[in-house]
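The values are calculated or read from the model by the stated rules, or taken from the named source; none is laboratory data. Note that this is a predicted model, so its numbers are computed, not measured. Here Cβ is always computed from backbone atoms with ideal geometry, including for glycine, and neighbour counts include all displayed protein chains. Surface accessibility is based on the protein's heavy atoms, side chains included, excluding ligands, DNA and RNA. Shrake-Rupley method; radii C 1.70, N 1.55, O 1.52, S 1.80 Å.
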Amino acid sequence: MVEMTASFELEIQALDDDHRALMALANRITDALDNDAAATCEPLVADFVKLTKQHFGREEALLTRAGYPKVKKHHDHHRSLYGKMDHMLEFAAMAGENPLARESLKKELNYFVLDDVITADMEFKDFIHDHPTSS
Ligand SMILES: [Fe+2]
Ligand SMILES: [Fe+2]
């Protein structure tokens, strides 16, 4: 289970709401994997990937509007995660009959949400607070 604590907050509502939604979805998938409902997790993982990509687009647009100087670097970081998302989809497709795929998917998801998505965003938190945009 991953949980949103104050240290993970960017204090930018639209982005924090996305992060919270991604955590909630990761937890739902973990629950399904832990409760013999692995076969149901495939569409949930597809939703997770879709929401993640939408979130990246929203975040990059906000960073561009704010004039964040390292927006290209953060954009490249986001793109570098597409391969991991492909792996998650592959694991999800196998999760029903493969315990190893279930464990790998759980680990990947939790690490992905906490480190690759949320912690990686902390690098622009101060900049955005000093250069607020209207949304
Ligand atoms: Fe983010
Ligand atoms: Fe990000």
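Only DSSP H runs of four or more residues enter the estimate; each adds -39500 (n - 2.57), and after division by the residues of the chain the mean residue ellipticity at 222 nm equals -23500 deg cm²/dmol. The portion of the accessible surface of the chain made up by carbon and sulfur, rounded to a whole percent, is 54 (1.4 Å probe; DNA, RNA and ligands excluded). Loop-located GluC sites (Glu not before Pro) across segment 96-125 with a Cβ neighbour count of 14 or fewer within 10 Å are Glu97, with loop assigned by DSSP.
Each part gets one Cα centre, and for segment 115-129 versus segment 4-43 those centres are 18 Å apart. Heavy atoms of the protein chains alone define the surface here; on that basis segment 11-129 has 49 Å² accessible area per residue at 1.4 Å probe size.
Per the Debye formula on identical point scatterers at the alpha carbon atoms of the chain, with no solvent, log10 I(q)/I(0) at q = 0.12, 0.21 Å⁻¹ is -0.47, -1.19. Mean sequence separation of contacting Cα pairs (under 8 Å, at least six apart), scaled by the length of segment 11-129, corresponds to a relative contact order of 33 percent.
Phi angles across segment 60-71 convert, under the Karplus curve 6.51 cos²θ - 1.76 cosθ + 1.60 with θ = phi - 60°, into 3J(HN,Hα) values of 5, 5, 5, 5, 5, 4, 7, x, 4, x, 9, 4 Hz, Gly and Pro given as x.
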